[in-house]
Amino acid sequence: MNESSAERLLEAAANRFDQAEVFEESGEAVSVNFEDNRLKEITTRQFRGVGLRVIHQGRIGFASTTDLRNPAKLVDMAAASAVFGDKAQFEFPSRPATLQKVEMYDSRVPNVSAAQMVEMGNEGLSLSRRASDAYLYGCGISRSTQMQRVLNTNGLDVQRKSTDMSASVGVQEVRDGSLLQVYEFKAWAQRFGSVLDLAETVLDKMKKASVVVPAKLEAMPMIFTPKAAGNLGEPLEVALDGKHVHKGSSILRGRIGEQILDERITITDDPTVPFAPGTCPTDDEGTPTRRQHFFEKGVLKAFMTDLQTAALLGMAPTGHGFRGYGSRPEPSPTNLITEAGDTSFDDMVRGMRRGLIIDQTLGSGQSNVLAGEFSVNVELGFLVEDGRIVGRVKDCMVAGNVYEVLKRVEAVGSEAQWLGSTCVPPIMVGGLKLAAQG
Amino acid sequence: MKDALQKLCQSLSADYAEVRIQESTSTSIRYAGKELEDIGQRTERGGCVRALKNGGWGFVTFNDLDDLTRYARQAVEQAELVGGTKFSLAPAGPFEATYRTKVETDPAAVSLEDKQRMCDRYNRVILGGKRIQTSVVAYRDSRSTTYFANSDGSYIEQEYIFCGVIVSAIAVEGTNIQRAYKSVGDLRGFGNVVNMDADCEKVVQRTVESLDAKRVEAGTYTVILDPMLCGVFVHEAFGHLSESDFLYENPRLKEIMQLGRRFGPDFLNITDDGSLDGEAGFIAFDNEGVPGSCNPLIKNGILVGRLHNRETAAKMGENPSGNARAISYHHPPIVRMTNTFMEAGETSFGQMLQETDDGIYALGMIGGQTNMEMFTFSPEEAYRIRGGKIAEKLRDVVLTGNVFQTLQNIDRIGSDFELHGGLGGCGKGGQSPLRVGDGGPHCRIRNVVVGGR
């Protein structure tokens, strides 16, 4: 969609409705994909689409399309929607006085060629082959650019362009009828030139996991690595969603100012971190974003809202209205950062008499997330005895409630790691039960 | 359309090429509590080209159909860059075919107002429930037409009409938050979603009962699964391992997965069947132009078949099974399930229960996940079984198992059978949700590990 057609669509909508907003999105991603020790596929994804949201006679309407041949049809669809839509509790915002400058575009990223990404993937493959010819290596590397623009009949017109480069490396070994797979991933708005960092970590963990030790039913301290910490973070994210707060289905409703988590847990939403994947100057409704605490030393500070949700809650919008072209805005975080603590990972492990390091899980998000529950299979877990990793445990489960677990924090790691748009340190907690046969 | 797409495929200097153009219109309605958060239509139009050359694949997807030829050439260039060892796909067709979902009531013929009224009615039933805090009632229908051509000379037009609804209740008492739901969704048309008032009441009841349920204790249990959860179990515990893209270039896994190997007791039969018209996982043709078909996977406990695309079939010397599926034009086809189920056995549920002195009865599903060896699956509802009778209600039950052990631990298979679709679906390789059907009878499994306190 070129500039004039977005504006033409807004103009057509302005003639028909009291207020209108056009959200357009486009992008291109090129990916190379290795599986089973060889390069299999190169993919290019080009997309563009547009969402039209309107307020007419006090009601909200919405429609979207990727087919831009007939804007009049989109306007009709939005009109049909607005007949039934919810009452608008907000107005589309006007142009913000100033917009913060944030770093989210690296002009080198669009120039990364497929051949260069193939080369990076091959370097990882060589490393894996040198480690063991029984290993099966997989790797996906992707670079993308995207554009989001939101314009409305109240004079707002903001556009942002961003880049992204991401990679994942996974290695699998089948041995004695048992299967081991380890993966690592990274994403950043800036160009990177290698996946060897991921491959080295994966291969190191493959080695540590090569001995399987028996698991039994027992309570013990556990370390959630940054990769496994999503099990703890996901229920919090759901409860911070202003929509759940408004409906009364958030466990955190009415608890701002209350000590919810251990005082060593500070979780901040920060859209300003240079080149982090969730960095942006405004959300997808044009509300300026800003750095804010969700939990400061364990005390609940704020929820996430879009315009409608903020109005329903009687709060100022927080700049968390994000969406794709085909959806209405929903509250979601930008970059979610859990502050690092002061215990190194090695010290954490050394301090364990008997405990578990959880690195990969299966079944995340398939428990009662609203209540903070998690119950997951430990896909990759290491048993620690007298401060040393003695091997891998498998065929076992760990379950708990985030709000109980994050009150029993024994240590917060000093090495926080970015994984997509979250940054989190290892976290050691007490009193969880490992369930296993025997 | 036909001539242009066929000509394009022929014009490319590739060993194989296919093009898909998709046009779709969908209607969604979503109540969350009292708010009607979403109502209206969305349209999509886009395409993709996939090319195979010298053993490498290139795939390009786009919304800008004016540039089709340029994107097609780009797919070939990408395939060339991948390179490798030249191979031929397993033969299929060529087919010339048109498929259109036939339904009694086409959702497109029902007004938006009538759909909204229906959802409003369900929502009121739920919100009217005692101790209910809030609700979600979501409706979706879609009509999607795909035009497919490949360099083998196939040309296939398929139109699918999907329609489904999910009704969900949430009850809150302090920090105790419980939820239950019911979801239907398949290719049977609007008639499938109109009579759910009683289901809404049952959802309310299940939600409220869960408030007083006890947290499950961690341990190893004998578990009876209801037909819906049995479907999820079969899907996670075995279905994904049948997908040959995990196998065909994995020599050690291939050794384990040799046809003829015993996986379960001799009364265990598992099948994937894409040819069941009307079911959520029905396909007339897959996205490589292979007809959807019935594929027995386990017969009398023995591995007898698996799911293929045309590459895995060729490289394993087996027949294509019609399981190369993509969720939309935005993705290449990968090996997927269709309708996957355990076949009915001989034991009545009553007898199974009576013979269980101590265990858990688990019903419905929240979800499941597998890594090909270990898997989890979570019921929506669970009860303790004591002395052959259903006892107190439990909550937060999630079960885990090992593909190579758990199937062997099935000791009773029920004589009943259900196959379920739903508004959700299966996820794999970044493609979610894919409409699938999962089903089975009641079944009993020994030594299942359950996470807990």
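Bear in mind that the values in this text are calculations on the coordinates, not laboratory data. Computed from a predicted structure; not experimentally measured. A quick note on method: Cβ atoms are made from the backbone with ideal geometry, for glycine too, and the neighbour counts reach across all protein chains shown.
Mean partner shielding of peptide B:27-33, defined as the number of other chain Cβ atoms within 10 Å of each residue Cβ, is 3.
Of interest is the spacing of the C-alpha centroids, which for the stretch B:138-161 and the stretch A:264-318 amounts to 41 Å. Classify chain B from the C-alpha gyration tensor, please: rounded if a/c falls under 1.5, else prolate or oblate depending on whether a/b exceeds b/c. Verdict is oblate for chain B.
Per residue of A:329-342, other chain Cβ atoms within 10 Å of the residue Cβ number 0 on average. Taking the centroid of alpha carbons for each part, the stretch A:8-46 and the stretch B:11-73 are 11 Å apart. Of the trypsin sites (Lys or Arg not before Pro) in the stretch A:89-148, the ones in a loop by DSSP (not H, G, I, E or B) with at most 10 other beta carbons within 10 Å are A:Lys101.
Only Lys, Arg, Asp and Glu carry charge here, each on its Cβ (+1 for the first two, -1 for the last two); on that basis the stretch B:2-212 has a dipole of about 340 debye about its Cα centre.
Computed from the alpha carbon atoms alone, the convex hull of chain A holds 152 Å³ per residue. Charged side chains reduced to their Cβ positions (Lys and Arg at +1, Asp and Glu at -1) give the protein assembly as shown a dipole of some 680 debye around its Cα centre.
GNM on chain A, alpha-carbon springs under 10 angstrom: the most fluctuating residue among A:Met352, A:Met315, A:Met104 is A:Met315. Each of B:Val216, B:Ala362, B:Phe404 was placed along the dipole of chain B (beta-carbon charges, centred on the mean Cα), and the one lying farthest toward the positive end is B:Val216. Pairs over the 32 Å Cα-Cα cut-off, from the set A:Lys433/B:Lys428; A:Lys243/A:Lys394; A:Lys243/B:Lys393; A:Lys301/B:Lys34; A:Lys394/B:Lys254: A:Lys243/A:Lys394.
Applying the Karplus relation 6.51 cos²θ - 1.76 cosθ + 1.60 with θ = phi - 60° to the stretch B:257-263 yields 3J(HN,Hα) values of 9, 5, 4, x, 6, 7, 10 Hz, where x marks Gly and Pro. Across the options B:Phe59, B:Thr175, A:Asn377, the greatest Cα extent toward the positive end of the charge dipole of the protein assembly as shown (unit charges at beta carbon of Lys, Arg, Asp, Glu) belongs to B:Thr175. Could you tell me what % of all Cα pairs in the stretch A:211-438 have separations over 33 Å? So the portion of pairs separated by more than 33 Å is 19 percent. Taking the Cα centre of the stretch A:211-438 as reference, the dipole from Cβ charges on Lys and Arg (+1) and Asp and Glu (-1) amounts to some 360 debye. The mean of 1/r over all pairs of different alpha-carbon atoms in the stretch A:3-205, once inverted, gives a Kirkwood hydrodynamic radius of 20.0 Å.
By the rule of a C-alpha distance below 27 Å, with chain neighbours fewer than 8 residues away ignored, the lysines paired with A:Lys73 are A:Lys87, B:Lys2, B:Lys102, B:Lys115. Can you pull out the GluC sites (Glu not before Pro) in the stretch B:262-319 that DSSP calls coil and that have at most 16 other Cβ atoms within 10 Å? Hits after loop and neighbour filter: B:Glu318. In chain A the longest region clear of GluC sites (Glu not before Pro) that are loop-assigned by DSSP and have at most 16 other C-beta atoms within 10 Å covers A:104-257. Averaging the Cα positions of each part gives two centres, and for the stretch B:359-431 and the stretch B:247-280 these lie 19 Å apart.
Across peptide B:216-222, the mean count of Cβ atoms from other chains lying within 10 Å of each residue's own Cβ comes to 4. Based on DSSP H segments of at least four residues, each scored -39500 (n - 2.57), the protein assembly as shown has a per-residue ellipticity at 222 nm of -6000 deg cm²/dmol.
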